[in-house]
Amino acid sequence: MQNTHQSPSPVIRSLKEADNEPLAALIRAVFREFNIDRPGTVYTDPTTDKLYQLFQTPGSAYLVAQEGDELIGGCGLYPTEGLPDGCAELVKFYLAPASRGQGVGFQLLQKTLVLAKQLGYRQLYLESFPELAKAVRLYEKAGFKHIPHALGNSGHFACTIWMVKDLA
């Protein structure tokens with residue numbers, strides 16, 4: 001007899017203050033995993049330890065994926081200084097290794113795109129790294145297009161991939 005029971009889908013919800021520590025730990029673990037734990041990234045950004053507070057900024061939003069008691073991912077959008085009018089940055093999109101390839105990232109991304117439209121954004125911008133090739137492929141499938149230079153003032157000068165998506 002075959003076991004057809006699947007684990008329940010993760011809950012996707014808004015960020016809570018209690019998520020600060022586990023989310024910062026997850027983000028830094030991903031940076032170490034891909035060997036991108038260097039200055040000029042979210043890894044050394046002091047706001048990474050206080051994401052709940054950061055995402056109280058008007059025009060921002062952050063969603064987390066939770067399975068049981070475990071935080072397994074997150075994705076947000078932020079009105080980064082210096083971006084064109086109507087544009088926000090897709091930020092801090094990370095998944096625990098065991099949760100990748102199961103559609104959780106796609107769900108987080110789609111819900112974040114819906115939030116961006118609800119908040120009135122017409123375009124999203126993101127920054128990434130070649131080391132995160134699977135994430136970059138997900139962005140491409142979602143309609144993000146490569147651009148030749150950074151936009152706005154994220155402070156993450158080490159990033160070498162920049163992309164935008166129109167939210168028509």
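The values are calculated or read from the model by the stated rules, or taken from the named source; none is laboratory data. Every value quoted in this text rests on a predicted model; they were computed, and no experiment measured them. A quick note on method: Cβ atoms are made from the backbone with ideal geometry, for glycine too, and the neighbour counts reach across all protein chains shown. The area values use the complete protein model at the heavy-atom level, side chains included, leaving out ligands, DNA and RNA. Shrake-Rupley method; radii C 1.70, N 1.55, O 1.52, S 1.80 Å.
A few points about this structure:
- Leading residue by the ranking (farthest from L95 (Cα to Cα)) among those in region 115-135 that are assigned to a helix (DSSP H, G or I) and of a type outside the set (D, E, K, R): Q118
- Boolean, T57 is touching a strand residue (DSSP E or B) at 6+ places or on another chain (Cβ under 8 Å), among the β-branched types (V, I, T) and more than 23 Å from Q102 (Cα to Cα): yes
- Restricting A150, A88 to those that are touching a Phe, Trp or Tyr at 6+ places or on another chain (Cβ under 8 Å), open to solvent by 10 Å² or more (accessible area, probe 1.4 Å) and within 23 Å of D45 (Cα to Cα) reduces the list to A150.
- Of the residues making up region 117-141, those that are buried (at least 16 other Cβ atoms within 10 Å of the Cβ), over 13 Å from the mean Cα position of the chain (by Cα) and not aromatic (F, W, Y) number 1.
- Criterion applied to Y43, Y62, Y52 was being open to solvent by less than 90 Å² (accessible area, probe 1.4 Å) and either assigned to a loop (DSSP other than H, G, I, E, B) or touching a Cys at 6+ places or on another chain (Cβ under 7 Å) (or both), and the one residue passing it is Y43.
- Listed by first and then second residue, the pairs linking a residue in region 96-119 that is closer than 11 Å to G73 by Cβ to a residue that is among the hydroxyl-bearing types (S, T, Y) and surrounded by fewer than 14 Cβ atoms within 10 Å (Cβ to Cβ), with Cβ atoms under 6 Å apart and 6 or more places separating them unless they lie on different chains, form an empty list.
- Subset of region 85-114 that is in a loop (DSSP other than H, G, I, E, B) and modelled with pLDDT of 95 or more - its residue that is farthest from R137 (Cα to Cα): D85
- Residue in region 1-30 that is modelled with the lowest pLDDT, counting only those that are of a type in the set (G, A, S) and not in a helix (DSSP H, G or I): S7
- Residues in region 69-84 that are open to solvent by less than 50 Å² (accessible area, probe 1.4 Å) and either of a type in the set (G, A, S) or part of a helix (DSSP H, G or I) (or both): G73, G74, G76.
- Answer from I36, I27 - the residue that is open to solvent by less than 20 Å² (accessible area, probe 1.4 Å), more than 18 Å from L90 (Cα to Cα) and not basic (K, R): I36
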